[in-house]
Amino acid sequence: MTKELIIWCDESVKKGKYYSNFYGGVLIESTHQKEVLAKLEAVVNQLGLTDEIKWQKVNEFHLEKYLQLMDVFFQIVASGKIKVRIMFTQNANIATNLLSHHIDNEYFLLYYQFFKHAFGLKHANNGNRPVYIRAYFDELPDQIARRHQFKEYIKGLESTRDFQLSKLKIRKDDIAEVNSKSHLPLQFLDLVLGCMAYRLNDKHKEKPSGKKRRGKRTIAKEKLYKHICSKIRGIKPRFNIGISTGTSELEDRWTMPYRHWLFVPKEFETDGNSYK
C-alpha cells in the first residue's frame with residue numbers, strides 16, 4: 001500500500017501587535033487517517049456541534065464543548081497520530097535587504113517556507129519506497145494567478161535535493177484548496193492557531209471601551225488558551241509559546257508531535273520598541 005502524508009494548512013493573523021504571519025498545519029499519516037478522522041467526527045457528534053468549529057466563535061456558551069474537543073484532539077496528538085506545527089514572525093525582527101518581489105509575495109513566500117520546513121519532512125521517510133504528500137490548503141485569499149503559482153512551487157518541492165533523497169513525491173492533483181467546513185482537521189487547527197495568535201498579541205488583556213473589566217468572551221478565550229497550553233505541556237514540558245520549540249537533534253523536527261517555529265529572517269535588524 002502506498003504511504004501518504006496528508007497535511008492540512010491554514011493561516012491566521014497577518015499583522016498583530018507583537019507577532020504576525022501565523023501559519024499552522026496538521027499532518028496525519030494515511031495509515032492513521034481513517035481512525036483519526038473517525039475520532040474527531042465522533043466527539044463533534046457527541047457534543048452536538050453542527051456549526052463550523054472556529055476560534056472566532058469561542059464564548060462562554062461554547063467554551064465547555066471546545067475544551068472537550070481539545071481534550072480528544074491532544075490525546076491523539078500525544079499518541080503521535082497527529083502532528084501539529086505553528087509558525088509566526090516577531091515584529092521586533094525587521095527583515096532587511098528585501099526586494100519588491102519579496103515584499104509583494106511575503107504571504108506565499110512564508111507559506112512555502114512553512115510547508116517545506118515546519119514538519120521536518122526530509123526526515124519523514126527512511127524506507128526505500130516513495131512516500132506521497134497530499135497538501136490541503138484552506139482557501140487562499142489572493143488572486144488566482146498567485147494561488148496557481150504557489151501550488152506550482154509546492155509541487156516543485158519534489159525536485160529539491162532533500163525531497164529526492166527522502167523519496168518524497170507530490171502529485172499535482174494532490175495539491176488543493178479546500179473549504180474548512182468540510183475538513184475537521186482544519187477546524188481543530190483553527191482553535192490552536194487562533195489561541196496562539198490571540199495570546200502572543202496580548203488580546204487576553206483587552207477590555208471593552210469604557211469598561212474596567214474584561215468581557216466574557218475574552219475570559220472564555222483565555223481559559224481555552226490555558227487549557228490548550230496545559231495539554232501541550234503534557235507533551236512538551238516547559239513549552240514556551242513565543243519561541244521555536246527546542247530539539248535535541250534535527251530528526252525531532254519530524255518526530256515531535258507538536259512544535260512552534262519562530263521564523264527569523266536571514267538578514268534583519270531589531271526594533272527594541274516592538275518587544276512586549
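Within the stretch 217-276, restricting attention to residues that are among the aromatic types (Phe, Trp, Tyr) and assigned to a loop (DSSP other than H, G, I, E, B), which residue is farthest from the chain's Cα centre (by Cα)?
Looking at residues that are among the aromatic types (Phe, Trp, Tyr) and assigned to a loop (DSSP other than H, G, I, E, B), I get 275.
Of the conditions (1) surrounded by fewer than 21 Cβ atoms within 10 Å (Cβ to Cβ); (2) under 18 Å from the mean Cα position of the chain (by Cα), residue 19 clears all except one; give me its number.
Among (1) surrounded by fewer than 21 Cβ atoms within 10 Å (Cβ to Cβ); (2) under 18 Å from the mean Cα position of the chain (by Cα), residue 19 violates only (1).
Please go through the stretch 247-276 and pick out each residue that is surrounded by 13 or more Cβ atoms within 10 Å (Cβ to Cβ) and either free of Cβ contacts under 8 Å to residues at least 60 places away in the same chain or in contact with a Cys (Cβ under 8 Å, 6 or more places away or on another chain) (or both). Talk me through it step by step, then tell me what you get.
As a first pass, look at the stretch 247-276 and keep what is surrounded by 13 or more Cβ atoms within 10 Å (Cβ to Cβ): 247, 251-263, 265, 268, 274.
Residue satisfying the conditions is 247 alone.
Being of a type in the set (Lys, Arg) and either within 30 Å of residue 125 (Cβ to Cβ) or touching a helix residue (DSSP H, G or I) at 6+ places or on another chain (Cβ under 6 Å) (or both), is that true of even one residue in the stretch 238-247?
Start the filter on the stretch 238-247 by keeping residues that are of a type in the set (Lys, Arg), which leaves 238.
Checking the rest, the ones that are also either within 30 Å of residue 125 (Cβ to Cβ) or touching a helix residue (DSSP H, G or I) at 6+ places or on another chain (Cβ under 6 Å) (or both) come to none.
No: the stretch 238-247 contains no residue that is of a type in the set (Lys, Arg) and either within 30 Å of residue 125 (Cβ to Cβ) or touching a helix residue (DSSP H, G or I) at 6+ places or on another chain (Cβ under 6 Å) (or both).
Is it the case, given these coordinates, that residue 123 is farther than 27 Å from residue 272 by Cα, touching a residue at least 40 places away in the same chain (Cβ under 8 Å) and in contact with an Asp or Glu (Cβ under 7 Å, 6 or more places away or on another chain)?
The answer is yes for residue 123.
Note down all Cβ pairs under 6 Å where the first residue falls in the stretch 203-224 and is closer than 10 Å to residue 63 by Cβ, the second is surrounded by 11 or more Cβ atoms within 10 Å (Cβ to Cβ) and acidic (Asp, Glu), and they're at least six residues apart or on different chains.
216/60; 220/60
Do you know which residues across the stretch 34-55 are assigned to a helix (DSSP H, G or I) and either small (Gly, Ala, Ser) or crowded, with 16+ Cβ neighbours inside 10 Å (or both)? Let's see the steps before the verdict.
As a first pass, look at the stretch 34-55 and keep what is assigned to a helix (DSSP H, G or I): 34-46, 55.
Result: 36, 38, 39, 40, 42, 43, 44, 55.
Go through the stretch 83-156 and tell me which helices (runs of 4 or more DSSP H), entirely inside it, have 1 or more residues that are buried (at least 19 other Cβ atoms within 10 Å of the Cβ). Break it down stepwise before answering.
Working: elements: 100-104, 106-117, 144-156.
Per the criteria, 106-117, 144-156.
Could you say whether any residue in the stretch 15-26 is out of contact with any Leu (no Cβ under 8 Å at 6 or more places or on another chain), touching a residue at least 40 places away in the same chain (Cβ under 8 Å) and either under 20 Å from residue 220 (Cα atoms) or in a strand (DSSP E or B) (or both)?
Scanning the stretch 15-26 turns up at least one residue that is out of contact with any Leu (no Cβ under 8 Å at 6 or more places or on another chain), touching a residue at least 40 places away in the same chain (Cβ under 8 Å) and either under 20 Å from residue 220 (Cα atoms) or in a strand (DSSP E or B) (or both).
Considering each residue of the stretch 162-191, count those that are over 28 Å from residue 145 (Cα atoms) and either part of a strand (DSSP E or B) or in contact with a Phe, Trp or Tyr (Cβ under 8 Å, 6 or more places away or on another chain) (or both), and give that number.
Of the residues in the stretch 162-191, 2 are over 28 Å from residue 145 (Cα atoms) and either part of a strand (DSSP E or B) or in contact with a Phe, Trp or Tyr (Cβ under 8 Å, 6 or more places away or on another chain) (or both).
What's the number of the only condition in (1) over 27 Å from residue 74 (Cβ atoms); (2) within 22 Å of the chain's Cα centre (by Cα) that residue 173 fails to meet?
Failing condition for residue 173: (2).
We did not get these values from a lab; they are worked out from the coordinates using the rules stated. Remember, it's a predicted structure, so these values are computed and weren't measured experimentally. We place every Cβ from the backbone using ideal geometry, glycine too, and count neighbours over all the protein chains shown.
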